[in-house]
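Here is the structure we will look at, set down as structure tokens.
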Amino acid sequence: MIAEVITVGSELLHGLVPNTNIDMIVGLLAEAGLWPSYHTTVGDVPECLGEAFRTAVHRADVVIATGGLGPTSDDITRKVIATVFRRRLILDREVLDSIRARFKERGIDMPPINEVQALVPRGAVVIANPRGSAPGLHFSHMETECFALPGVPSEAEGMLREYVIPFLKARNPGLASGLRVVRTIGIGESALVERLQGFEQDEPELRLGTIARASGVDLHLSASSADAMWLQGVLDRGERKLAERAGPYAYALGNRTLSEVVGEILLKHGLTLATAESFTGGSLGAALVATPGSSGYYRGGVIAYSNEAKETLLGVSGETLRRFGAVSAETAKEMARGARERLGAACAVSTTGIAGPDGGTAEKPVGLAYLGYSSSGGDVSERFLFGGSRGDIIARASFVALDLVRRSLGAGIAWSEPSSRS
């Protein structure tokens, strides 16, 4: 089957918010043995969205649209579906009652404007939304199955997992499919691809893709077959080959995060961690506490942005700051040591750098960062030069700081863990 994804919203088209839904949809569709052939992003213009729907249903067997199901005037998907497919909008009392109930659970009277979310195109199946007020829609046009989902990522993901993917799997009961992910950090996409030369010739049954993120580069393997046992074997073999070729840059399988990996190795060895942050401003600590159970190993962190704070809160020597500057290997090491000693942790990691866009010099350009690590075995620091916007630099430095902890603790992929299976 040919699949097409339509993401709706002028904010996406104008680059005001990241289009995170497409990655999520592609990953989940792979579970049903589908890979989109087309992806269209459309602004909140009825004529443009209408043309996108007309084109999609003529060339795809499955169309998934996200966005435009809210209650405001720029939420046009519902009306466009009614117009393009000649399906009159009908007020669904059951849907309206469920929307009212959701607002009541939050102690809020439903605004009258939300009633439009209970308008359902004639003949469409309502997809329940336990996470929000906008229900999804499912209808058929000719031979094409169409799904309209909310633009909120968590709501769209819930509907995909609970309704859309099971429906599509049921349409192809004899087809097994699988997706594997090998996550890497510390190596660029081009350099990683060079390490993978010849893989696709060795494994022609597998589809290989790469996705570069602030957290590193993810390698995606996918395949479909009527033989489930064969599929499992070829995916297992391909996954292991990818991890072996990625070498020390591979840190996890599946959707496990770097924070989870670091947390698991800390718990395994009975160690605790502290953080000392300057230019990342708490991003590193936030990544750690985003993982459930982090209270078992994370002692806390210090955000010391100014030189005075570095001296007062972390005990960085004034002489070090004068001689080498705040952005230096020496300062990074003293920051990490200070956090470890003051917070009573077994180890600590620190960040200091220049996020920009101002403040750089020829000697210390924007993007320069020093990351420090301290343990009972001593203190070390590493130098990095990150590219991108201020936000990109901060995000990348935070992830690489986590990876410094991982590498310092000797954490690698544990093949006995089944978390990569999907």
Net charge around ILE6, counting only other residues with Cβ within less than 13 Å of its Cβ (Lys, Arg = +1; Asp, Glu = -1)? -1
Of the candidates THR361, THR55, THR72, which one comes out as most mobile in a Gaussian network treatment of the chain with C-alpha springs shorter than 10 Å? THR361
Which percent of the accessible area of segment 179-334 is formed by carbon and sulfur heavy atoms (probe 1.4 angstrom)? 50
Take the chain, connect every pair of alpha-carbon atoms lying under 10 Å apart with a spring to form a Gaussian network, then pick out the residue of SER374, SER154, SER222 with the largest mean-square fluctuation. SER154
I'd like to know how the chain sits against the 2.2 N^0.38 Å rule of thumb: what's its Cα Rg over that expected value? 1.15
Which whole-Hz ³J(HN,Hα) couplings does segment 103-113 yield from phi under the Karplus relation 6.51 cos²θ - 1.76 cosθ + 1.60, θ = phi - 60°, glycine and proline marked x? 5, 5, 4, 8, x, 10, 6, 5, x, x, 4
Gained length - THR210 relative to ALA362, 0.36 nm times residue gap less alpha-carbon distance: 51.3 nm
Within segment 17-37, what residues put their amide N at less than 11 Å from the label point 7 Å along the Cα-to-Cβ vector of LYS169? 31-33
So what is the 222 nm mean residue ellipticity for the chain from helices alone, if each DSSP H run of at least 4 adds -39500 (n - 2.57) and you divide by all residues, rounding to the nearest 500 deg cm²/dmol? -11500 deg cm²/dmol
Accessible area, probe 1.4 Å, largest first, for residues TRP230, TRP35: TRP230, TRP35
Can you pull out the GluC sites (Glu not before Pro) in segment 315-375 whose DSSP state is coil and whose Cβ has at most 12 other Cβ atoms within 10 Å? GLU363
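Say R0 is 25 Å: what FRET efficiency, to the nearest 0.05, do GLU200 and ASP61 get from their beta-carbon distance?
0.45
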As straight-line cross-link partners of LYS241, the qualifying lysines (C-alpha separation under 23 Å, not fewer than 8 residues apart within one chain) are none
How big is the charge dipole of the chain about its Cα centre, in debye rounded to the nearest 20, if each Lys and Arg gets +1 on its Cβ and each Asp and Glu gets -1 on its Cβ? 480
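Sorted by packing (mean other beta-carbon atoms within 10 Å per residue), highest first, where do 272-280, 349-357 land?
272-280, 349-357
How long are the three semi-axes of the equivalent ellipsoid for segment 1-94, computed from the Cα gyration tensor as the root of 5 times each eigenvalue, in whole Å, largest first?
Working: eigenvalues 93, 58, 36 Å².
Semi-axis lengths for segment 1-94 are 22, 17, 13 Å.
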With the 8 Å Cα cutoff and a minimum separation of six or more residues, the chain has a relative contact order in percent of 12
Assuming 0.36 nm per residue, please report the length gained on full extension of the stretch GLN232 to LEU13 beyond their Cα-Cα distance. 75.0 nm
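So if R0 is 30 Å, what FRET efficiency would VAL193 and SER306 give, r being the distance between their Cβ atoms, rounded to the nearest 0.05?
0.10
The values are calculated or read from the model by the stated rules, or taken from the named source; none is laboratory data. Remember, it's a predicted structure, so these values are computed and weren't measured experimentally. Neighbour counts are summed over all protein chains in view; Cβ atoms, including those assigned to glycine, are modelled from backbone coordinates with ideal geometry. Keep in mind that these areas ignore ligands, DNA and RNA; they rest on the heavy atoms of the full protein, side chains included. Shrake-Rupley method; radii C 1.70, N 1.55, O 1.52, S 1.80 Å.
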